[in-house]
Amino acid sequence: MADALKTNRSILVVGGGMSGLSAAIEAAEAGFQTYIVEREPYLGGRVARMNKYFPKLCPPNCGLEINFRRIRSNPLIRFFTMAQVESIDGEPGNFDVTVRLHPRYVNEKCTGCGLCAEAATTEIPDPFNYGLSSRKSAYLPHEFAFPMRYVVAPEVVGSPEAKAIESACPYGAVDFDMQPQTFDLKVGAVIWATGWKPYDAGRISYYGFGRNRNVITNVMMERLAANSGPTGGRIARPSDGSDVKSVAFVQCAGSRDENHLPYCSGVCCLASLKQTTYLLDQDPDARATIFYIDIRALGKYEAFSNRVQEDERVTLIKGKPGEIIEDPSTGLVTVQVEDQATGKILREKFDLVVLATGMVPSTAEDPLPSRTACDENGFVLPDRAGPGIIPAGCVKKPVDVASSVQDATAAALKAIQATFRR
Amino acid sequence: MEKRIGVYICTGCGIGDALDVNALEAVAADEFSVAACRRHPFLCSDEGVSIIRRDLDQGMDTIVIAACSPRVMTDSFTFPADRVMERVNLREQVAWCHPAGEEDTRMLAEDALRMGLVKAVEMLPPDPFLADDLSRKVLVVGGGLAGMTAARETARAGYEVVLVEKEEQLGGYLKDVHKLPPVRPPYTELEDPNLDALTSEVTGDPSIRVYTGSRVASIAGAPCMFDVTIRQNGSEAMERVGAVVLAAGSVPYSPEKLDSFGFAKYPDVVTASQLEIMFKSGKVERPSNGQPVGSVAFLLCAGSRDARHLPYCSSACCVESLKQAMYFKSENPQTPVYIFYRDMRAHGTYEFLYKELQKEGVFFIRGDIEGIEDDGSGGLVVAANDVLTGSSVLTESLDLVVLANGMVPVTSFGEPFKAQSPKEGEEEAAYAPDTILVSDILNLQYRQGPELPALSHGFPDSHFICFPYESRRTGIYPAGSVRAPMDYSQAVEDATGAALKAIQCIEMLSAGKAVHPRSGDLSYPEFFMQRCTQCKRCTEECPFGAINEDEKANPLPNPTRCRRCGVCMGACPERIISFRNYSVGMIGNVIKKINVPDEYEEKPRILVLACENDAYPALDMAGIRRLSYNPWVRIIPVRCLGSMNLVWIADALSKGIDGILLLGCKHGDDYQCHFIKGSELANIRMSKIQETLNRLVLESDRVRLEQVSITDYHRLPEILDGFAARIEELGPNPYKGY
């Protein structure tokens, strides 16, 4: 233990989504100082953009609220938003980390009152809603954003609008003198929990995402169905805002496909089953069709899967659609598929098509300090991440929320162990 | 001792514009004689906070901050724990959702301040529960893969472990496992289980005490003070531990029940685990005649996903069967291998193993099994309905048929525990107690039963997606296939996470802090036993089984089992259960302090009790979105709607309040209450209100419970306005003015 006392026992968590939050909070509640470094201006990551979780159909914000309260009440947790890890040097028990902070142009004096957004005039695409809407150049990232602090987009810096935004704030919180800055952290272990991105649906050319207006992805569907989303929770056709009566869900859009993602993304089956309930709750006369290869509803999710499939408004067809074409005049989308049960070629029309795109680990684009840490799809291999660097959640494999939290809790213990020098 | 109270009113963020701050100051000064009442245009600024700090330094012991929601600006408004702080939400729940300058808005703000002040006056800083002789050891029940992993990982973090395994050898199911599915690139090569290395690490670690051939005869006490009796070879050992990891595992589903798959009828129909033993021992032979196996079929979902057997999916069998198919193909690529499946659940990178076997020429047939027959030559044929071709398929003559027969948690066996039935003259419990099966694994000395409550299909799993380790017994964390059906690598992760939770529980409780979901809460319920009538409601209703009973039915609280929800406080008809900072009397006095105008003023009053985790933030969110709703409402956040004591309703109605709205979480199968039963119990208590109202000659519509989630803020104006409209129809509470 004499050696252990000399090491740094704090833990850096890279990524403030569900895995990162959980890892940091669980470690802190075991008595360890933790730091969260999050790239976005808010904590919560992808789950903050989800409407409901399967199988309970409960809102992610409920669990986030508990986790944020755990953060607020625990002095052992510090977090940095709009921050990125620039470098990590050292060894377990003694890492030097350089963190880069991007300017938010709003400082800690912000009260969240919103006067800056009233003064802003420029509209910019809102990535939180996957581009389905725009937002002001001064904005709260989303309504449950934690921390509840506004952001000013760099696009307006130096413009007359910036002046208006600055002078609208009675608290001196808007600060255009902010520059990117770096600072150092000394930690004993690192948890890498940078999460995932949806696979770029535009690369599946025969599905026409980006060309067909009424072909969207499953993550966009989450925003369309959310009260806080671009349509206030009304699932409407992007082409003309009209009602949606029929939706096709195309499973394995890019997953289990040698030309795209060769692996199974693990959660898309359940996500689509869940999304049928969004549609049918909104419009009891609507219809949903799911085109699938296998329905992978493991463990206790079987009951949820059965419940959805028993609904006569939901049809499951085994088959992988070959082509999706939108009629420019009506906006109706035709899905062409071979029904494997009958061998027939079907051509069905829908108001909306949802592509169940899979998960790409963030580490496929932004690797760990150790270049050899990932497999060829970008998933981190725990034994290659480097001593004292512990991957958690979807950077390791595509998993659902409960499994991410479970894995993050395990990662917290591995990080605690790594802070000892043995 | 008289408290020195300081009131700090922020006039920023529109509060000063919307409200009459002079009138608020008058409430503080005239009605409460506070020591100081100050206003500031930007209270959360350094300057504003320094004003409060200066007062604290000069002996102010209680502060009331009338500003924004207590959910925000917590960094600014954090003060020493020995001082009482109450925050009055004038921003999100008054200024941002009600018209500026109106009389109703002013009255709402004044009441909000009064209510906060009553709380501040009555609250005491918590005095944490610190017991003596606390243990920091972790008990792991089960010495299989999950249990040994939990033990090893706990020890590696510097904690002592007691490991109890019922068999003479450690290893559990893994003892008979030949290879594990692939977990690293190229994800097609099987892994060695390395059981010996794990076992010797566990047995060689001086901080792990291993009891084999042993059972847990009883666990008495509470987290950090569990007294465990271990029975080994007729003798008994005692260990005091702090927390428990339950890793007792699962067993294969009984194949005797699978006669439709030909088990027992044909000796060459075996289970997956029997085949595993054959490969492990190197003797892969047909049970019927000892000849080598030249062809094989795997039947997946043998029992699983079947309402007559196991309604759930056993998660691991698809991949396990692929792995076993690989055993045959790697020994002889020419061996015909059939896999009959419904959905091939090769999730994640197991997809690569599936693809590899397709390349290897395994016949994958998606369909339901129609029959297994002896073909007369000593071989078996499997008939199935091939979903993909729509036709019946008949295999060639096969040497062996393997059933992937799924897994069943060991906690799902045993008779339901019979809770003490009501004695004569006692009333029945108001709700159905948890199902607890007497499965002889933990033998907890808990009044509600000896094991973890068995949830769906007997798994003691967490109900919460965000919190997969939340069992209903504090300090006891299930892990591995006893918690949910899972494969080997998941069990290892699960056990590691459970080890962290056990360690964390010990660290938190030994500092007097609550664990999740009120992590860090230093308060705990205290019982004023002189007035107890032994009604047993608290012991029956505690969602976590925290309260035991003596032979005279007196409650015996266990603070380290407690999660601080206050359900016991809500249940107690004698109001003897209180936290230092939250009590029946305190909330009762808050209600009594609400200003109720007489009936001629036509200003009804509506009391809203709101769950602080979901309904209260939803109310904030309504404010943030500047939604407006009826200004007659007076909101009191509660720890859980289950902490609502019926006397509050009586207090409110006799005070002349016209309606009471309870905002709690969803209950039922997909309940969202993080204290499990809080909102359900509140709903049950509501039914009793009916009687009270009838006795008072009042309409039962005056009390309503609405289930709202945190994202239901857009519904709140409709709910609140709708309720207000109904109250207006009913007319004033006739008790007004008495």
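Just a few scattered comments:
- Karplus-derived HN-Hα couplings along segment B:55-66 (A = 6.51, B = -1.76, C = 1.60, θ = phi - 60°), whole Hz, x at Gly and Pro: 5, 4, 4, 9, x, 5, 9, 9, 10, 10, 9, 9
- Net charge of Cβ neighbours under 13 Å - reference A:Ser246; Lys, Arg +1; Asp, Glu -1: 0
- Alpha carbon centroid spacing (whole Å) that separates segment A:180-209 from segment B:701-732: 43 Å
- Residue-averaged beta-carbon neighbours from other chains (10 angstrom radius) around A:106-115: 5
- Take every DSSP beta bridge whose two residues both sit in segment A:200-357; close to 35 percent of them are antiparallel.
- Order by protection proxy (mean Cβ within 10 Å, highest first), peptides B:662-668, B:278-284, B:627-633: B:662-668, B:627-633, B:278-284
- Sorted by Cβ density within 10 Å, fewest first, the residues A:Met221, B:Met586: B:Met586, A:Met221
- For chain B, relative contact order (Cα pairs under 8 Å, six or more residues apart, normalised by length) works out to 12 percent.
- Remark: B:Lys3, A:Lys344 ranked as A:Lys344, B:Lys3, counting other beta-carbon atoms within 10 Å and listing the fewest first.
- Out-of-range pairs (alpha-carbon distance over 23 Å; input A:Lys318/B:Lys355; B:Lys655/B:Lys688; B:Lys418/B:Lys501): B:Lys418/B:Lys501
- Loop-located trypsin sites (Lys or Arg not before Pro) across segment B:62-154 with a Cβ neighbour count of 16 or fewer within 10 Å are B:Arg83, B:Arg136, with loop assigned by DSSP.
- Cα-based helix-to-principal-axis angle, B:646-655 vs chain B, degrees rounded to 10: 20 degrees
- With the highest mean first, a sort of the peptides A:108-116, B:356-364 on other beta-carbon atoms found within 10 angstrom per residue produces A:108-116, B:356-364.
- Over segment B:581-738, Cα pairs under 8 Å with separation of 6+ residues give a relative contact order of 32 percent.
- Separation between Cα centres of segment A:138-173 and segment B:247-289, rounded to whole Å: 66 Å
- Once the Cα atoms are used to define both axes, helix B:584-593 deviates from the longest principal axis of chain B by about 40 degrees.
- For B:Lys280, the lysines whose Cα comes closer than 24 Å to its Cα, not counting residues fewer than 8 places off in the same chain, are B:Lys166, B:Lys175, B:Lys179, B:Lys323, B:Lys329.
- With neighbours defined as other Cβ atoms within 10 Å of a residue's Cβ, the residues B:Val88, A:Val219 order from fewest to most as A:Val219, B:Val88.
- Looking at the protein assembly as shown, the DSSP beta bridges with both ends there are about 45 percent antiparallel.
- Chain B: calculated mean residue ellipticity at 222 nm from DSSP helix runs of at least 4, using -39500 (n - 2.57): -8000 deg cm²/dmol
- Gyration tensor verdict on segment A:115-168 (Cα atoms; rounded if a/c is under 1.5, prolate if a/b is larger than b/c, oblate otherwise): oblate
- Helix axis angle, B:615-624 relative to chain B longest principal axis, alpha carbon, degrees: 70 degrees
- By the rule of a second cysteine Cβ within less than 4.7 angstrom, chain A holds isolated cysteines at A:Cys58, A:Cys62, A:Cys110, A:Cys116, A:Cys169, A:Cys252, A:Cys264, A:Cys268, A:Cys269, A:Cys374, A:Cys394.
- Proximal lysines to A:Lys163, defined as alpha-carbon separation beneath 29 angstrom and excluding residues fewer than eight positions away on the same chain: A:Lys109, A:Lys136
- Among the residues of A:52-65, the average count of other protein chain beta-carbon atoms within 10 Å of the residue beta-carbon is 6.
- Take each residue in B:517-527, count the other chain C-beta atoms within 10 Å of its C-beta, and the mean is 3.
Read-outs throughout are calculated quantities, based only on the coordinates presented, and are distinct from any laboratory measurement. Computed from a predicted structure; not experimentally measured. Here the Cβ is made from the backbone with ideal geometry for all residues, glycine too, and neighbour counts use every protein chain on show.
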